[in-house]
Every structure is written in structure tokens, then in C-alpha cells.
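For reference, the structure is listed below as C-alpha cells.
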Amino acid sequence: MSRYLIAVFFLLGTTACDSRTGEESDGDMTAENIAVVRHQLEEMDAGNLDVFDELCAQGYRYHAPGVPEPLTCEEHKESAREFYTAFSDFGHTVEDIVAVGDRVVVRLIDFGTHTGNFAGLPATGNAVRFSVIAINRLENGKIAETWITADFPTLLQQLGSVPPGLLGEVP
């Protein structure tokens, strides 16, 4: 039982603020980092992709499966624009968000309706829903690096690009 409590305290990154120096605690920093990541997602879903210009740190890198080199902030912004164009009501539901030190991990459900061309697939009108996990590294209140893994096979199955049953049940 005590091992689990130690793990919880470690994951939460809680430390006390030093009242003598007024220095920010790690707990304050993790809360601020979570707020930055939430702000990015909320602004993106509101149609404000210029939030990338606001929140990307100098030298930002975006790592995604199947992409041989990390994307720059501008390239990631364009990739996001393609999703929001192909899926007219594209959005995110935050299922979990945890921060430790300079990292914020988010488990998301992405959703939308396929109303435009996506990865060479013409609009199907199909509703999609798939899971995503993103790990963000922050520096000075900005996102410096993001690693993402997404259930793209499920997305493609929902678009009819993968035969039904090949991947099992779709959530």
C-alpha cells in the first residue's frame, strides 16, 4: 500500500512552496504547464490555430508515428489545419491529463465528421472517434516538444479504408 502512495506523490509532482523565499513549487509549475496544454487544445477546437504561434517555444519539435523527421511549429500547425479542414467538427475530449516536472501527458479522444479530403480519402460523412496520447515538454511556459501516438488504424477503419473486422471492435 505504501508503494502506491509513494507513486501517487511522485506522479503528482507535489512539493511545498518555500514561504521564506516565495519560490514557485514544482506543484505550481505543473499546474501552469497543464493550463498551457489545455489552453492550446481549447483554442485549437475553437478554430484558433494561431495559438501555435503563441505557445510554441523556439525550436519546437513535433514527433508523430510514420513521420521520419520531427515537424516544426509551422508544419504542425499546417497538419492540424488539414485535420480541422477534413473533419468539419473536429475536436478533443480530455480523458486524463497528468504533469510531472516539465512534462504534461494528455490522453484524448479525438472526434469529428469526415467532410473533406483526408490522406487521399474523399469525404465519407462518417463520424470518427479515436484515442490519442500526447506527451508535451514545456520550457518557460511554452511547448518545446510533443510526442504523439494515435489510434490511426481505428480512424482509417471508421473511414472505410480498412476492412471491417481486420482490427477488431472499434470503440
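The values are calculated or read from the model by the stated rules, or taken from the named source; none is laboratory data. Just so it is clear, the structure is predicted and the values come from calculations on it, not from any experiment. Counting neighbours? That spans all protein chains shown, and the Cβs are built from the backbone with ideal geometry, glycine included.
Annotations for the structure displayed:
- Flag for VAL67 being in contact (Cβ under 8 Å) with a residue 40 or more places away in the chain and of a type in the set (Val, Ile, Thr): no
- Unmet requirement for GLY116, which otherwise passes all of (1) under 19 Å from VAL51 (Cα atoms); (2) in contact with a strand residue (DSSP E or B) (Cβ under 9 Å, 6 or more places away or on another chain): (1)
- Here the range 87-112 is the region considered, the condition is being touching a Phe, Trp or Tyr at 6+ places or on another chain (Cβ under 9 Å) and outside any strand (DSSP E or B), and the residue that is farthest from TRP147 (Cα to Cα) is ASP89.
- Flag for VAL132 being in contact with an Asp or Glu (Cβ under 7 Å, 6 or more places away or on another chain), buried (at least 17 other Cβ atoms within 10 Å of the Cβ) and β-branched (Val, Ile, Thr): yes
- Residue match in the range 42-57 (condition: at pLDDT below 95, out of contact with any Ser or Thr (no Cβ under 9 Å at 6 or more places or on another chain) and either buried (at least 17 other Cβ atoms within 10 Å of the Cβ) or farther than 28 Å from GLY141 by Cβ (or both)): no
- Criterion: of a type in the set (D, E, K, R), modelled with pLDDT of 95 or more and in a loop (DSSP other than H, G, I, E, B) - qualifying residue of GLU78, GLU69: GLU69
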